Structures are given as structure tokens and as C-alpha cells.
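A short worksheet on the structure shown next.
Nothing in this text is a laboratory measurement; each read-out follows from the coordinates by a stated rule. Predicted, not measured: the structure shown is a model, and the values here were computed from it. Cβ sites come from the backbone with ideal geometry, for glycine too, and all protein chains shown count toward neighbours.
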Amino acid sequence: MKFVTSQTEIEKIKTDALVVLTSKTLNKSIKHIDKNLNGVITKMIQDGDFSGKNISTCVVRNASKNIKRLILVGKEDGSSIQDRIKLIELGASNILKSYIANAHWVIDDTYEAWEIEIISRSILKINYSFKGNSKSSLSKLDLVCLNSHSLSNTETCTKYGEAVGRGMNLCRHLGNTPANICTPTFLAEKAKSLSDENTCIKTTILGESEMKDLGMLSLLSVGNASAQPSKLIVMEYNGSKTMQQPIALVGKAVTFDTGGISLKPGRGMDEMKFDMCGGASVLGVMSALSEAALDINVVGLIPAVENMPSGNATKPGDVIKSMSGITIEILNTDAEGRLILCDALTYANRFKPKYVVDIATLTGAVIGALGKFTTGMLSNSEELAEILVNCGNSSGDRVWQLPLWKEYDQQLKSNFADLANIGGEAGTITAGCFLSRFTKDYKWAHLDIAGTAWISGKNKGATGRPVPLLMEFLRSQVN
Ligand code: BES
Ligand code: MN
Ligand code: ZN
């Protein structure tokens with residue numbers, strides 16, 4: 001799949017498909033296209049085949065001798081970002097579903113830069129398939145800019161969208177890979193191969209004995225019962241020429257979450273292979289960062305474990321000591337994500353990070369609160385929280401903040417340790433409170449992606465979220 005940008009005049013375009021987004025009132029450049037196609041757009045509107053309303057669509061076969069298909073997608077003025085993304089995705093899926101080798105997409109003056117980024121990102125996203133039987137025959141998409149949209153700007157946007165799209169697909173692919181293949185060792189190998197391919201990434205893997213020496217007994221307690229050795233994957237992306245404080249991303253990677261001794265019910269347990277999607281999103285971001293060559297320093301930390309029951313499994317009531325020195329009473333072995341994150345969050349200190357963001361499929365409760373649309377966020381910094389909310393809005397990969405008030409934190413009291421690993425109600429918030437005990441030394445935000453990292457049902461699969469959000473955030477931090 002190749003993306004090119006051009007300023008080809010409509011008269012000279014010869015293509016399998018021409019994509020035009022428009023409302024029913026044609027602007028100057030679309031009028032010009034309409035005229036060139038003998039008024040076919042006007043006619044489709046007049047005859048009621050195309051309404052121009054958001055998310056309406058219509059395909060005209062043989063719109064002209066050179067244009068085998070005209071794909072119209074409705075785009076009303078003043079539509080929301082979320083709607084504008086949806087209709088770009090509709091245009092993209094229209095291209096991908098027919099037998100089309102090359103296509104042209106008209107970029108008129110109404111496009112904002114971020115919308116151009118969404119085109120290549122959507123094409124890549126929609127064209128992904130786990131089994132590799134790629135649905136489409138598209139080999140080239142030409143983004144045709146009309147009027148004032150400079151070619152180089154369109155090219156920059158397209159490249160950025162490609163980087164994000166491929167980063168999302170890497171994240172999805174790792175998420176979809178079954179847990180008998182996608183083990184902590186497999187993720188570590190993947191991280192190493194990313195640094196082999198990109199000189200700006202350095203990968204270090206900490207094994208169990210190194211983690212034990214560092215006192216990461218909380219992390220290790222989760223993988224205790226697994227035949228798969230636990231790993232802490234450390235990736236350093238050095239894209240900045242100056243000595244810049246890095247941003248740390250910490251991604252939960254439980255390659256399979258049975259719940260441990262607090263065993264989960266059988267129904268739907270297969271979906272717990274997605275419990276490493278936080279870590280996968282960090283790998284996706286690392287790859288996208290190097291492709292987009294962002295001028296920034298980022299540390300990716302991925303605690304990777306498998307949560308299993310067995311004779312040497314951690315039991316409810318066990319007390320362990322974390323790397324920070326804080327002792328934890330493990331009342332539920334299924335609340336394991338926080339146990340691996342807390343040690344990784346303590347380890348993050350050594351990089352003197354400007355901000356730390358952790359990403360985790362942490363609680364089923366976040367789905368009750370926000371459904372499958374929105375990532376839950378908790379933060380100890382209003383400044384960082386605001387940046388993330390804004391980046392969520394502008395990337396279409398949205399987050400919503402929940403409070404970290406002390407009433408919730410008090411629910412984590414234990415008679416036998418400094419802290420219990422579960423609280424009472426409001427599970428997403430108490431999980432955030434638990435993590436906040438380990439993040440006192442820097443500005444931190446926690447993203448609970450249990451609702452957004454994958455979808456269930458007939459289209460079951462990882463979504464690649466929140467790679468777009470994280471990339472938007474990191475780009476906003478380039479100075
Ligand atoms: N990985 C799960 C969270 C999860 C559950 C994500 C269902 C998506 C769907 C996490 O490790 C977990 O088991 N959390 C428990 C916490 C509870 C024991 C306090 C949960 O949400 O039930
Ligand atoms: Mn669990
Ligand atoms: Zn889990």
C-alpha cells in the first residue's frame with residue numbers, strides 16, 4: 001500500500017475510484033469537479049441518491065471515461081471531530097471493499113491538517129486483518145490537493161497518519177495473537193526486534209533474577225505460578241538531539257489473566273489474552289515514534305507476566321513487599337495489573353521523567369462507567385490531565401477523568417500491610433488510588449483501557465487504542 005500526494009488537475013485524473021466528501025451545497029472546488037463530470041454530483045443530489053448528510057454515501061459507476069467509480073460521502077459543515085473521522089473511515093472502507101487497484105482522494109479547502117492524517121491512518125486500520133488475508137487489492141492512494149493546501153503539508157500529514165496507523169496495527173496484532181504464542185518472552189523478542197530495526201530505540205530486558213535483586217516482589221508475585229518467566233521490557237526512544245527529560249509510558253502486559261487463585265469464571269475468558277494491550281500500545285507507539293521521527297525522548301516500560309493458578313501461586317491474604325518498600329496485602333489475585341504496574345512505576349523514577357503515563361486494561365468497572373467508547377483517566381496533575389483530554393479530543397481517541405479523592409483511597413486500608421490490593425466500590429477509582437501511592441515523585445496519569453482496547457462479539461479484536469491518543473500527546477510535547 002503506497003500513499004502519494006499530488007496536485008493533479010481533475011481533467012487529468014484516471015482512476016478506479018475518486019473519493020469526494022461534500023455536503024449538498026457544493027463549494028467552489030467540488031463544483032469544478034461536478035462540472036467536469038457533467039453534473040453527476042448535482043444530479044445524484046437532485047434525484048435523492050445522495051443526501052450530503054453526514055455518513056451518507058453513494059457510489060456512481062463510470063462517472064466518466066477516466067473515473068470508474070465516484071465515491072461520494074456526505075460531510076455537513078460544522079460536524080464534530082468524531083463524525084468527521086467516521087465519514088473519512090466510510091470513504092476508506094468504500095475504497096477497500098471493491099476490486100480497486102488505485103484510488104484518488106480529493107482534498108479541498110475544507111480539510112484541516114488532522115483530517116488529512118486520518119485518511120492514511122483509516123486506510124491502514126481498515127485494511128488490517130489478523131489472518132493476513134488482506135481484503136483489498138489497493139496498491140496506491142493518491143491524495144489530490146486542490147487550491148491552497150500545500151503539497152508538502154499534505155505529505156507530512158499523510159506520513160504521520162501512516163506512522164500512527166501502522167503503530168495501531170502492530171498494537172492490534174500483538175493483542176490478537178493468542179496467549180500460547182504471545183508470552184512475556186515473545187513480547188521481549190518483539191521489543192528487541194524493534195530496536196534492531198530502529199537505531200533510535202534501545203531495548204533492555206530485565207529477567208526474574210534481576211527483578212528480584214531490585215526488590216520487585218510485587219511484580220514477581222503475579223508471574224510466580226506461570227511456566228512463562230516474567231520480564232520487564234525497557235525501551236528508550238531517543239529522538240531528541242538535546243538533553244531532554246523523557247516522558248515515560250508504562251504499559252500493563254498480562255499475556256493471559258486467568259485471575260490466578262481468585263480464578264475468573266470461564267465465560268469469555270479467552271478475551272483475557274487482550275490483557276497485554278497496554279504493553280502492546282507502548283510497542284505500537286515506539287514503532288510509530290521512530291517512523292514519524294518525533295524529536296522527543298520517550299521511555300517505554302512494559303511489565304510482562306502471565307497470571308496463572310498453581311501450587312506456588314500467590315494466595316489471597318499473602319503479603320508482599322514492593323520495590324518502593326510499601327507492603328501490600330493481596331486480597332484478590334485477580335487485581336494483578338496494579339501489582340505489576342506499581343513496581344514498574346517505581347522503576348520509572350530512575351529516568352527522571354517529565355511525565356509518566358501508564359496504560360492498562362485494569363478494571364472491568366471502567367466499562368460500567370464509560371462503556372466501550374471512552375478511556376478512563378486518573379491523574380495527580382491537573383496540567384497533565386488537561387493535556388491528555390485535549391489530545392483525546394483532537395485525535396478522536398477520547399479520555400474522561402475520574403476523581404482521585406481520599407474517600408476512595410481510604411478503602412484500601414489493610415490490617416496486615418500498608419495497603420490492600422482491592423478497595424470497595426468504584427473499582428476503577430480505587431485501582432487509580434492504589435497506583436497513586438507509587439507515583440508521588442512525578443506528574444502522572446493512568447489510562448484504564450479495559451473498555452477501549454478491544455471489542456467483543458462478531459468483530460472481536462484489538463482496536464489499537466490508545467496509540468492515536470499517545471502519539472498526539474507525545475507530538476504536543478515536542479519543543
Ligand atoms: N484484566 C482485568 C480487567 C478486565 C476485566 C478487563 C474484564 C476487561 C474485562 C483485571 O486484571 C481484573 O481482573 N480486574 C478485576 C479487579 C477486581 C478483582 C478488583 C475486575 O475488574 O474485576
Ligand atoms: Mn485480573
Ligand atoms: Zn488483568
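Along segment 277-284 the Karplus relation, 6.51 cos²θ - 1.76 cosθ + 1.60 evaluated at θ = phi - 60°, assigns HN-Hα couplings of 5, x, x, 4, 5, 5, 5, x Hz to successive residues, with x for each Gly and Pro.
Shown is the FRET efficiency for Asn27 and Trp405, computed with R0 = 45 Å from the Cβ-Cβ distance and rounded to the nearest 0.05: 0.35. For segment 331-479, the equivalent ellipsoid derived from the Cα gyration tensor has semi-axes of 24, 20, 13 Å, listed largest first. Using the Cα gyration tensor of segment 2-148, with a ≥ b ≥ c the square roots of its eigenvalues, what is the shape: rounded (a/c below 1.5), prolate (a/b larger than b/c) or oblate (neither)? Verdict is rounded for segment 2-148.
The Cα atoms of segment 136-290 give a gyration tensor whose axes a ≥ b ≥ c have a/c of 1.5 or more with a/b no greater than b/c, which makes the shape oblate. Rounded to the nearest 20 debye, the dipole magnitude of segment 190-238 is 100 debye, with +1 charges on Lys and Arg beta carbons, -1 on Asp and Glu beta carbons, and the Cα centre as origin. Segment 252-301 gives an Rg/Rh value of 1.20, both radii derived from C-alpha positions and Rh following Kirkwood.
Highest-first packing order for the peptide set 20-30, 349-359, 308-318 is 349-359, 20-30, 308-318, based on the mean count of other beta carbon atoms within 10 Å. Here is how the number arises for the chain: DSSP H runs of 4 or more residues each give -39500 (n - 2.57), the sum is divided by the residue count, and the result at 222 nm is -11000 deg cm²/dmol.
Name the residues of segment 440-479 whose amide N is less than 17 Å from a point 7 angstrom out from the Cα of Ser394 along the C-beta direction? Under 17 Å, as judged by backbone N against the label point of Ser394, lie 467-479 of segment 440-479.
Summed over all non-identical Cα pairs, the Kirkwood treatment of the chain gives a radius of 23.5 Å. Return the lysines within reach of Lys440: Cα separation strictly under 16 angstrom, same-chain partners fewer than 8 residues apart disregarded; answer none if there are no such residues. Cross-link targets: Lys352, Lys354, Lys406. Centre-to-centre separation between the Cα atoms of segment 248-269 and those of segment 290-336: 11 Å. Among 225-232, 168-175, sorting by the average number of other beta carbon atoms lying within 10 angstrom of each residue, highest first, gives 168-175, 225-232. Charge dipole of segment 101-196 (Cα centre as origin; +1 on each Lys and Arg Cβ, -1 on each Asp and Glu Cβ, all else neutral): 640 debye, rounded to the nearest 20. Rounded, prolate or oblate for segment 220-374? Axes are the square roots of the Cα gyration tensor eigenvalues, ordered a ≥ b ≥ c, and the cut-off for rounded is a/c under 1.5. Taking the square roots of the gyration eigenvalues as a ≥ b ≥ c, segment 220-374 is prolate. Please identify the trypsin sites (Lys or Arg not before Pro) of segment 355-447 that satisfy two criteria: DSSP loop assignment and at most 12 other Cβ atoms within 10 Å. Which are they? Sites meeting the loop and neighbour criteria: Lys413, Lys440. Taking a point 7 Å out from the Cα of Glu9 in the direction of its Cβ, none of the residues of segment 56-78 has a backbone N less than 13 Å from it. A 22 angstrom limit on the alpha carbon distance is what I want to check against. Which of Lys273/Lys460; Lys2/Lys202; Lys53/Lys159; Lys65/Lys140; Lys86/Lys135 exceed it? Check vs 22 Å cut-off fails for Lys2/Lys202; Lys53/Lys159. In terms of Cα atoms, the Rg and Dmax of segment 306-378 work out to 14.7, 42 Å. Here the simple spin-label model places points 7 Å from the Cα toward Cβ, and for Gln82 and Asn133 these points are separated by 3.4 nm. Straightening the chain between Lys372 and Lys321 buys 14.9 nm, computed as 0.36 nm per residue apart minus the Cα-Cα spacing. What FRET efficiency do you get for Ser414 and Asn153 if R0 is 56 Å and r is their Cβ-Cβ distance, rounded to the nearest 0.05? Once the sixth-power term is evaluated, E becomes 0.50.
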